[in-house]
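S.K.: Structure incoming, see below.
None of the figures in this text is laboratory data; all of them are computed from the coordinates on show. Treat the numbers as computed from the prediction; the structure is a model and nothing was measured. Here Cβ is always computed from backbone atoms with ideal geometry, including for glycine, and neighbour counts include all displayed protein chains.
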Amino acid sequence: MRNFLVTSAIALGLSACASQAPVPARPAAATPKAPQCWNGDAGAFAEIGVATKISGVEVVCEKTSDGKNAQWMSRKR
């Protein structure tokens with residue numbers, strides 16, 4: 001009987017300590033990022049409006065019609 005009481009007291013003590021952990025804070029909402037174009041030649045993303053040559057072709061990073069993405073478009077002359 002004594003072993004049962006000691007075991008119960010230890011289990012109760014451990015469970016009490018384990019349940020006292022603070023609740024982790026929620027991360028702040030991520031800010032939406034502006035659309036970018038991937039330049040495989042440079043190995044990096046480019047911002048809207050950047051003009052460059054990719055594989056020898058002059059292109060400009062432009063927003064798509066929905067405004068949610070961007071893509072490389074041939075440079076207008």
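S.K.: Just checking, how many residues over region 58-72 are basic (K, R) and not in a strand (DSSP E or B)?
M.R.: Number satisfying all stated conditions: 1.
S.K.: A further question follows. Name the residues in region 33-57 that are over 19 Å from K68 (Cα atoms) and assigned to a loop (DSSP other than H, G, I, E, B), would you?
M.R.: G40, D41, A42, G43, S55, G56
S.K.: Condition first: of a type in the set (A, V, I, L, M, F, W, C), in contact with a Ser or Thr (Cβ under 7 Å, 6 or more places away or on another chain) and either surrounded by fewer than 16 Cβ atoms within 10 Å (Cβ to Cβ) or closer than 19 Å to K33 by Cβ (or both). Now tell me which residues in region 58-75 satisfy that.
M.R.: A70
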